Structure formats: structure tokens, C-alpha cells
1. Please list, ordered by chain and number, the residues whose modelled amide H lies under 5 Å from the amide H of PHE151; skip anything fewer than 5 residues away on the same chain.
2. Under 8 Å for C-alpha pairs, at least 6 residues apart: give me the relative contact order for the stretch 1-83, rounded to a whole percent.
3. For the stretch 120-131, just list the computed ³J(HN,Hα) in residue order, Karplus coefficients 6.51, -1.76 and 1.60, θ = phi - 60°, integers in Hz, with x standing in for Gly and Pro.
4. Considering the chain as a Gaussian network with a 10 Å cut-off on Cα pairs, which listed residue, GLY136, GLY66, GLY85, attains the greatest mean-square fluctuation?
5. Rounded to whole Hz and in sequence order, give me ³J(HN,Hα) for the stretch 60-65 from the Karplus expression 6.51 cos²θ - 1.76 cosθ + 1.60, θ = phi - 60°, writing x for Gly and Pro.
6. Expressed as a rounded percentage, what relative contact order does the stretch 54-160 have, with Cα pairs under 8 Å and six or more residues apart?
7. Measure out, as a whole number of angstrom, how far apart the alpha-carbon centroids of the stretch 108-146 and the stretch 29-74 sit.
8. At a 1.4 Å probe radius, carbon and sulfur cover how many percent of the accessible area of the stretch 23-125?
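The values are calculated or read from the model by the stated rules, or taken from the named source; none is laboratory data. Not measured: the values here are computed from a predicted model. FYI the Cβ positions are ideal-geometry reconstructions off the backbone, even for glycines, and counts take in every protein chain you see. Just so you know, the surface numbers come from the protein's heavy atoms only, side chains and all, with ligands and any DNA or RNA stripped out. Shrake-Rupley method; radii C 1.70, N 1.55, O 1.52, S 1.80 Å.
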Amino acid sequence: MIDSISLQKANQLHPHIKQRVIDTVNYINEKILTGEAKVRVAQGLRTFAEQDALYAQRPKVTNAKGGQSIHNYGLAIDIVLIINGKEASWDTKKDWDKDQQSDWMEVVQVLKKQGFSWGGDWRTFKDMPHFEDTKGLTLNQIQTKYKNKDFIRGTNFINI
């Protein structure tokens with residue numbers, strides 16, 4: 001089952017991915033991760049100011065300034081594994097449910113099957129917790145839609 005933190009983060013996402021994230025996290029936690037680990041949505045929508053603060057952090061955690069991250073448009077999530085309901089883990093190799101496959105990679109496989117691109121597949125600056133779905137739009141196209149206020153009526157989410 002999706003936890004309250006994940007649900008809060010998911011509810012702030014772009015309508016294009018919101019329900020899919022909720023359903024997929026529920027599925028992973030109920031059917032895929034059968035041991036001590038559960039997946040949590042650690043990050044979703046970020047303001048431009050929040051993105052700038054992350055960009056300023058050292059050591060470096062992102063190459064993107066405000067407006068340059070897919071998170072800024074509600075089309076990306078970052079995940080973390082929560083062990084025994086309390087400890088955060090980004091261990092990509094550990095197999096807490098002892099099914100001969102790392103729990104992290106089980107989550108990756110499911111999210112990729114659901115149409116999300118994985119930051120772990122990037123050639124440079126691999127971002128293992130990151131997943132996004134831009135519906136094929138480039139960052140430049142997304143930024144243009146945002147600048148032109150091409151929004152879903154009554155929201156600040158771009159039309160895609």
C-alpha cells in the first residue's frame with residue numbers, strides 16, 4: 001500500500017502521471033516487494049526555488065537549475081526504499097525479500113514497464129532514484145509551453 005508521504009507527493013504531480021504513480025507504487029508494495037523494503041515517493045513536484053536550492057548544494061546532487069528539471073513541471077519522481085517502515089535506503093543491490101533480484105531493480109523494472117524513463121539509464125550524471133514521463137516532449141518544448149502558459153485549464157500544469 002502507498003504510504004501517506006508518497007500519496008502526498010503523488011497528489012501534487014501532473015495529472016498525466018499522478019494516478020499511474022499511485023497505482024504503480026501500490027502494486028509494487030503489495031505484489032512485488034514482499035520483504036522488509038517498500039518503495040516511497042521521496043520527491044515529486046519541485047518549485048523553481050526548491051530546484052535552485054538543490055542545485056546550490058555541495059556535493060553536487062543535480063545539474064538542473066530552477067526551470068531545467070522535469071520535477072519543476074510535476075512530470076518526475078524520485079524514489080527511496082523504506083526498510084521496516086523507518087530506514088531510508090538507496091541500496092541498488094540489496095535483496096530484502098530474498099527472491100534473487102535486488103529490490104531496487106525490481107522497482108525499476110515495474111516503473112519502466114509503466115512508461116517511465118529512468119535516470120539510471122542516462123549516459124552522464126546517472127540519477128538512480130529518478131523516473132519521469134514527459135509524453136515524448138523535450139525539456140525545451142516543456143519550457144516553451146510553460147512560458148506560453150499553455151496550461152491545463154485551472155492549473156499550472158502544461159498541456160501534454
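1. The list, which skips near neighbours in sequence, is ASN159.
2. Details: 121 pairs, mean separation 28.9, N = 83.
For the stretch 1-83, the relative contact order is 35 percent.
3. Computed from phi, the couplings for the stretch 120-131 are x, 8, 5, 6, 10, 6, 4, 10, 4, x, 8, 9 Hz.
4. GLY136
5. Per residue, the Karplus-derived 3J(HN,Hα) values read 4, 10, 7, 9, 9, 7 Hz.
6. Details: 110 pairs, mean separation 22.8, N = 107.
Relative contact order comes out at 21 percent.
7. With the stretch 108-146 and the stretch 29-74 each reduced to a Cα centre, they are spaced 12 Å.
8. Working: 2690 of 5480 Å².
Answer for the stretch 23-125: carbon and sulfur cover 49 percent of the accessible area.
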